[in-house]
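Structure first, commentary second.
The values are calculated or read from the model by the stated rules, or taken from the named source; none is laboratory data. As the structure is a prediction and not an experimental result, all values here were calculated from the model. Don't worry about glycine lacking a Cβ; one is built from the backbone with ideal geometry, like all the others, and counts go over all protein chains shown. The area values use the complete protein model at the heavy-atom level, side chains included, leaving out ligands, DNA and RNA. Shrake-Rupley method; radii C 1.70, N 1.55, O 1.52, S 1.80 Å.
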Amino acid sequence: RVRVLVCGRREPYLRREGAAGLGVLRGASLVVGLDGCIKAVGQADVIRNQFSDATFEKIIDCSGKCVLPGLVDAHTHPVWAGDRVHEFAMKLAGASYMEIHQAGGGIHFTVEHTRKATEDELFTTFQHRLERMLRAGSTLVECKSGYGLNLETELKMLRVIERAKKSMDIGISSTYCGAHAVPKGKTATEATDDIINNHLPKLKELKLSGEIHVNNIDVFCEKGVFDLESTRRILQAGKDIGLQINFHGDELHPMKSAELGAELGARAISHLEEVSDEGIMAMARANCAAVLLPTTAYMLRLKQPPARKMLEEGVIVALGSDFNPNAYCFSMPMVMHLACVNMKMSMNEALAAATINAAYALGKSDTHGSLEVGKQGDLLIINSSRWEHLIYQFGGHEALINYVIVKGKVVYENERCETMSSY
């Protein structure tokens, strides 16, 4: 009676057609080895015979439940101090994102508090946020710096992320986002020069010494922030030191960010509320993933990114929570629900976007994002025989997610699931 949702079928990503046919195995079993990798997925009786002589450290009876790949959150800003709850009231009263930003709020408010915080203070709050993400089903999370805007604080944030990589069970893909905003007292050109001449050489040095290993480079390509040429210079310089390009583009204004990303060989571009038709086609041709962020459009009352057009044109669509002080959401199940309702994605498309495609956006779909032999044993067990309940029940994941497993190790067990119906 166990259902195992097999997402991916040895493909690095799923386009629209593939997402329509996600594989569900009924009456199935799954085996994870001591090395943390999946050894077998298949019919329970076949698996039982195959492993009849094996001994297991732990056996979980999932009768009447469903096993899914661990969720992947492809875009977060989880390292910061202070909060911006006061700005929520400003937004509700009609203030725009850029109006708050220009009044000294937004990113600059968080930068001020993050610069003052100690590394230990940042690590403690970061750790708690990651634990909440894990309990909501995320087993791999992209984590950005970007609330420093000077070398000292950006490195402090990246050291915090590195500590979590080494000490926590959740998987982390780290992103240098020093070009998140133009620092006060500098022009965009001066900030660009500082990043290229000082920040990136230091990151390269720290990578070679083994102190910090960064995976991606990000720039906020936006009117009044970093223009297309500054963005190009920073992204190319990051690519030159071995970083994957994964950046903010076409969010508040059409910037031709998608066209630039496709040209530079970007792995992914986030937001894309204002993407052009030409940009969509360029991304599809370049296998550049679109990381869509339903919480941002919802919180800022922006128009939704054109998910349906992207899917129809063959773009690899991924999802992220965009967790940050402006969009305070830890839950990828809620993100999937918003994607279905507000962006008109199907549940299959949303699940693919929050697993295999999100893993692809981070360059990790060879090891994460689907339940296949050889991949890392990251999975969820939910208290329902139908996986769709994870999306259908808006905010219901706290009673639905029974186990979260990373590399075959139970990292979260929700004992309430044993005594309550998921319906």
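What are the pairs, 6+ residues apart or on separate chains, where a residue within the range 285-299 that is touching a residue at least 24 places away in the same chain (Cβ under 8 Å) and in the same structural domain as Glu349 (by the TED database) has its Cβ under 6 Å from a residue that is in a loop (DSSP other than H, G, I, E, B) and open to solvent by 40 Å² or more (accessible area, probe 1.4 Å)?
Matching pairs, first to second residue: Ala297/Gln304.
Among the residues of the range 297-310, count how many are buried (at least 24 other Cβ atoms within 10 Å of the Cβ) and touching an Asp or Glu at 6+ places or on another chain (Cβ under 7 Å).
Qualifying residue count for the region: 1.
Do any helices (runs of 4 or more DSSP H) lying entirely in the range 266-318 carry at least 3 residues that are at pLDDT below 95 and closer than 17 Å to Met336 by Cβ, and which ones are they?
294-300
Give the range 88-109 a look and list any residue that's at positive phi and at pLDDT below 80, or say none.
Gly104
Pairs, please: C-beta under 7 Å, at least 6 apart or cross-chain, first residue assigned by the TED database to the domain that holds Ile212 and modelled with pLDDT under 95 and in the range 241-262, second of a type in the set (Ser, Thr, Tyr) and open to solvent by 10 Å² or more (accessible area, probe 1.4 Å)?
Hits for this filter: Leu252/Tyr97.
I'm trying to understand the selection: among the residues of the range 240-276, which are among the charged types (D, E, K, R) and within 20 Å of the chain's Cα centre (by Cα)?
Listed by number, the residues that qualify are Asp250, Glu251, Arg267, Glu273.
Name the one entry in Val67, Val85, Val111 that is of a type outside the set (D, E, K, R), touching a Leu at 6+ places or on another chain (Cβ under 6 Å) and surrounded by fewer than 24 Cβ atoms within 10 Å (Cβ to Cβ).
Sole residue among the options that is of a type outside the set (D, E, K, R), touching a Leu at 6+ places or on another chain (Cβ under 6 Å) and surrounded by fewer than 24 Cβ atoms within 10 Å (Cβ to Cβ): Val111.
Output the residues belonging to the range 370-398 that are of a type in the set (A, V, I, L, M), crowded, with 19+ Cβ neighbours inside 10 Å and farther than 19 Å from Leu319 by Cα. Talk me through it step by step, then tell me what you get.
If we filter the range 370-398 for residues that are of a type in the set (A, V, I, L, M), which is where we start, we get 371, 373, 379-382, 390-391.
Right, trim to crowded, with 19+ Cβ neighbours inside 10 Å and you get 371, 379-382, 390-391.
Ile381, Ile382, listed by residue number.
Please go through the range 1-44 and give me each residue that is at pLDDT 90 or above, within 24 Å of Leu319 (Cα to Cα) and open to solvent by less than 20 Å² (accessible area, probe 1.4 Å), ordered by number.
Leu14
If you check Ser346 against the conditions, is it open to solvent by less than 10 Å² (accessible area, probe 1.4 Å) and hydroxyl-bearing (Ser, Thr, Tyr)?
Judged against the criteria, Ser346 is not a match.
Residue by residue through the range 230-263, note down the ones that are more than 21 Å from Thr76 (Cα to Cα), among the aliphatic types (A, V, I, L, M) and open to solvent by 10 Å² or more (accessible area, probe 1.4 Å).
Matches in the range 230-263: Ala237, Ile241, Met255, Ala262.
Per-residue answers, yes or no, for (1) in contact with a helix residue (DSSP H, G or I) (Cβ under 8 Å, 6 or more places away or on another chain); (2) of a type outside the set (A, V, I, L, M); (3) outside any helix (DSSP H, G or I); (4) not assigned by the TED database to the domain that holds Val24:
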{"site": "Gly374", "(1), (2), (3), (4)": "no, yes, yes, no"}
{"site": "Ile381", "(1), (2), (3), (4)": "no, no, yes, no"}
{"site": "Ser384", "(1), (2), (3), (4)": "yes, yes, yes, no"}
{"site": "Trp387", "(1), (2), (3), (4)": "yes, yes, yes, no"}
{"site": "Ala399", "(1), (2), (3), (4)": "yes, no, no, no"}
{"site": "Tyr403", "(1), (2), (3), (4)": "no, yes, yes, no"}
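Looking at Gly320, Gly314, Gly369, can you tell me which residue is of a type in the set (Gly, Ala, Ser) and over 15 Å from Ser138 (Cβ atoms)?
After applying the criteria, what remains is Gly314.
Just a yes or no: is a residue in the range 198-206 in contact with a Lys or Arg (Cβ under 7 Å, 6 or more places away or on another chain), without any contact (Cβ under 8 Å) to a residue 40 or more places away in the chain and not hydroxyl-bearing (Ser, Thr, Tyr)? I'd like the intermediate steps shown before the answer.
Of all residues in the range 198-206, those in contact with a Lys or Arg (Cβ under 7 Å, 6 or more places away or on another chain) come to none.
The answer is no, given that none of the residues of the range 198-206 is in contact with a Lys or Arg (Cβ under 7 Å, 6 or more places away or on another chain), without any contact (Cβ under 8 Å) to a residue 40 or more places away in the chain and not hydroxyl-bearing (Ser, Thr, Tyr).
How many residues does the range 288-337 hold that are over 18 Å from Glu251 (Cα atoms) and either out of contact with any helix residue (DSSP H, G or I) (no Cβ under 9 Å at 6 or more places or on another chain) or among the acidic types (Asp, Glu) (or both)?
Residues in the range 288-337 being over 18 Å from Glu251 (Cα atoms) and either out of contact with any helix residue (DSSP H, G or I) (no Cβ under 9 Å at 6 or more places or on another chain) or among the acidic types (Asp, Glu) (or both): 2 in total.
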